[in-house]
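As structure tokens, the structure follows; a few thoughts come after it.
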Amino acid sequence: MATQKQSSADRIITRITTAVASVLVIALLIWGGRTLISYYRFEETNDAQVDAYISPITSKVNGYIEQVRFEENQRVNQGDTLVIVDNSEYAAQQEEAIASLMNARAQIAVLRSQVQTANSGAAVEKSHISAAKAKLLKQEQEFNRYEKLYQVESATKQQLEAVQSALAVAKADYLAATDTYAASLSKVNDIHVQLAVLETEIKRREAVLQQRTLNTGYTVIKAPYDGKMGRRTIQPGQLVQSGQTLAFIIDRNSGKWVVANFKETQIQHMKVGKEASIAVDAYPDRVFHGRIESLSGATGSRYSLLPPDNSTGNFVKIAQRIPVRIHLEGKDLELLDAGMNATVSVRKGE
């Protein structure tokens, strides 16, 4: 009786073991079949990472931080104020530039008034020339008349000499008026030269004011585009230098992509625009999609700090990796962060 029970139990165990083994074999066959099909239909690599544009936020001026208006990992919009640097010194320089420019413009107004005055004086002197010329013409006629009278002894020598003296005075007055008019014109020209020099100086001072205004504006550091802030490492009261990196921002508008490093033996059928499937380690149940955007013009090792040199005599052939950039498309891309590991599959063939 005991022997029959033992035999029955053995048969049950055998059946269970056979069933489990059959299930395992079937599962292995299915897995192996899918793997083989995937191997023949797809090129796949797990040497891939999600990437995005990460830009530094830098200071364009020196100064002490007055306010920090963002937190780590905060979403910001283009134009949002991130950091305010104390602008007291730059505001004073801007006021000084404004006063200097106003002073130069006031001098321009004075010189233009002097030009008008000098032109009026030149016009008066020009009228004096006309009067002196008319007087000279009259005295010449008078001299000629007395000279003829003297020749026929109808006028005395004393009268002729008096008329001759008056003619000399008229000539001197005419020359003096002409010289005075030339001097007034020269003065007008001198003022015009000063005016041109001062106008150039005004342009220089306007440029200085523009630079001072820019420096004052640079004390307010704003987000260059919509994005997400990185780690915060600055505090109010901290001294920053021009060109110093204050934070990092991840661009939300430029999209995200995956850089997949395929072996050189895998890129035969890869072309720009070809579809790719991406599985991210952080979300194993989701499949993201993208298209090949570009293939690198050199292997990844060529971009390293010390590229390999196979001419040294110690050559070991190693399959190289070609970076392939895949632009992500579709929904839920906000779930992906730069640096996440991914597995990329690209269908073989056309």
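Here are the numbers:
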| item | result |
| --- | --- |
| Every residue from region 320-350 that is among the aliphatic types (A, V, I, L, M), closer than 12 Å to Y283 by Cβ and in a strand (DSSP E or B) | A342 |
| Criterion violated by A260 - all others in (1) at pLDDT 90 or above; (2) crowded, with 19+ Cβ neighbours inside 10 Å; (3) not in a strand (DSSP E or B) satisfied | (3) |
| Criterion: under 58 Å from the mean Cα position of the chain (by Cα) and loosely packed, with under 14 Cβ neighbours inside 10 Å - qualifying residue of D226, D179, D190 | D190 |
| Every residue from region 264-308 that is small (G, A, S) and loosely packed, with under 12 Cβ neighbours inside 10 Å | G273, G297, A298, S304 |
| Residue satisfying all of: in region 193-209; surrounded by 13 or more Cβ atoms within 10 Å (Cβ to Cβ) and among the β-branched types (V, I, T); modelled with the highest pLDDT among these | V208 |
| Strands (runs of 3 or more DSSP E) contained entirely in region 33-118, each with at least 3 residues that are within 30 Å of E275 (Cα to Cα) and over 38 Å from the mean Cα position of the chain (by Cα) | 42-51 |
| Within region 69-104, tally of residues that are closer than 18 Å to S242 by Cβ, touching a strand residue (DSSP E or B) at 6+ places or on another chain (Cβ under 9 Å) and of a type in the set (A, V, I, L, M) | 4 |
| Criterion (in contact with a Ser or Thr (Cβ under 8 Å, 6 or more places away or on another chain), closer than 30 Å to G300 by Cα and modelled with pLDDT of 90 or more) met by exactly one of I221, I249 | I249 |
| Residues satisfying the stated conditions in region 229-245, i.e. surrounded by fewer than 14 Cβ atoms within 10 Å (Cβ to Cβ), more than 20 Å from the chain's Cα centre (by Cα) and of a type in the set (G, A, S) | G237 |
| Qualifying residue in region 318-325 (condition: more than 27 Å from F248 (Cα to Cα) and among the basic types (K, R)) | yes |
| Every pair of residues 6+ apart whose Cβ atoms lie under 6 Å, when the first sits in region 136-157 and is of a type in the set (D, E) while the second is at pLDDT 70 or above and surrounded by 15 or more Cβ atoms within 10 Å (Cβ to Cβ) | E142/V163 |
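The values are calculated or read from the model by the stated rules, or taken from the named source; none is laboratory data. These figures come from a predicted structure and were not determined experimentally. Reconstructed Cβ throughout: ideal geometry from the backbone, glycine too, with neighbour counts over all protein chains shown.
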